[in-house]
Amino acid sequence: MSAILEKIATIELEMSRTQKNKATENHLGSLRAKLAQLRRELIEPSGKSGGKGEGFDVTKTGDCRVGLVGFPSVGKSTLLTKLTGVHSEAAAYEFTTLTCVPGVIHYRGARVQLLDLPGIIEGAKDGKGRGRQVISTARTCDVIVVVLDAMKPLTHRRLIEKELDGFGIRLNKKPPNISYTVKEKGGVNVLPFKPKSGEDPAWLDESTAKAILEEYHVKNCDVKIYENCTDEELIDVIEGNRIYTPCVYAVNKIDQITVEELELLDEVPHYVPVSSGKEWNLDGLLDKIWEYLNLTRIYTKPKGQNPAYDAPIILKKGQVTVEDFCNSLHKSMVKNFKEANVWGISAKHRPQKVGKEHVLSDEDVVQIVKKI
């Protein structure tokens, strides 16, 4: 591991000394590709891409998973205790929590598993402390809550983002709109993004893309870039093991700062001010987590009965169709499906008879009609 860390340090030093301009784009792209491969080697010693590394052995329960990530002594354990009722050791000294402590929040009909992860330190992405275990577990979460100390939130935020980024976790980002297909023959074909007239020039050109692919020893592939992307985003697509996770920044201990300092934090995106000790704005934090989980609750209505409002079916939001709903109940249900009656926002009238391709909305009520 020390040899890999030395190589990483050497490349990072060379990158810091290289002036960024048109003439050095290819060289910097190659260096970033080398760096990504070394980091993968560091995270996954076996060299297998796509793995999640060795995390804490915590069984997934509930409808979704949320992880509390942050430096030591920022209040993660107190937050877990206040939100779930599960006791997680909290004290005024660092590294009180040495393993992952799970709890469950029952919120808006969903069961949300909340994980209190040990505090990470600078260099966690390089294996320092329990960094590898903490960040590997964070990769399994549907939403990450980065808990920050209100006394130095921006500094800590940058450091935490750097550690998570080094482990392949992209916070509040979408996957790059790049198509990457490896072939058996045909050489390397790159179709770069062509901005419209008046737009910024392309950030990633064909020669830099090919320099990166050469560093990966890719001889035959098709690359199509559909939007303005960076060389790092192309590397992410080639690596193929990046996690794109919604993130909420919980700025804790706001009872220790002034009103003026609190107002400055309003400019920070994705943040919620809280005080776990005073139990201030915990409802606001839950609301924000719920928003970022992006879940859809569907209520079932058996024939002749009232809807089961106390037991919704929880589905990941997006294009949730009646077919998705059927599959979540039982895979055989689609085979016997005739139609569905739907009450709610997605229905034009109450009820509306729909097919399995109908897109459902949050808190719709669905009654499945089977073939006779």
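Computed from the coordinates by the stated procedures, all read-outs in this text should not be read as laboratory data. Because the structure is predicted, anything quoted here is derived from the model rather than measured. Please note: Cβ atoms are built from the backbone with ideal geometry, for glycine as well, and neighbour counts cover all protein chains shown.
For an R0 of 35 angstrom, estimate the FRET efficiency from the Cβ-Cβ distance between residue 199 and residue 19 and round to the nearest 0.05. For R0 = 35 Å, the calculated efficiency reads 0.85. Sorted on the mean count of surrounding Cβ atoms within 10 Å across their residues, most packed first, peptides 148-160, 305-317 read 148-160, 305-317.
Restricting attention to the range 226-372, close to 70% of DSSP beta bridges with both partner residues there are antiparallel. Amide H to amide H, with H built 1.01 Å from N, residue 244 comes under 5 Å of 170, counting only residues 5 or more places away or on other chains. Toward the positive end of the charge dipole of the range 295-370, with +1 on the Cβ of Lys and Arg and -1 on the Cβ of Asp and Glu, the farthest Cα among 337, 300, 311 is that of 337.
Dipole of the chain computed with +1 at Lys/Arg Cβ and -1 at Asp/Glu Cβ about the Cα centre; of 352, 172, 24, farthest Cα towards the positive end is 352.
Output the pairs from 152/316; 173/338; 60/288 with a Cα-Cα distance over 29 Å in this structure; if there are none, say none.
The answer is 152/316; 173/338.
About its Cα centre, the chain has a charge dipole of approximately 1680 debye under the convention of +1 per Lys or Arg Cβ and -1 per Asp or Glu Cβ, with nothing else charged.
Along its principal axes, the range 295-370 has C-alpha extents of 27, 25, 24 angstrom, given from the largest down. When each of the peptides 332-343, 7-18 is scored by how many other beta carbons lie within 10 Å of its residues on average, the order from highest to lowest is 332-343, 7-18. For residue 148, the amide hydrogen comes within under 5 Å of the amide hydrogens of 250, 251, 252, counting only partners 5 or more places away or on other chains and with H modelled in the peptide plane. Phi angles of the range 222-228 translate, via the Karplus equation with coefficients 6.51, -1.76, 1.60 and θ = phi - 60°, into HN-Hα couplings of 10, 10, 10, 9, 9, 8, 5 Hz per residue; Gly and Pro are given as x. With both residues required to sit in the chain, DSSP beta bridges show an antiparallel share near 50%.
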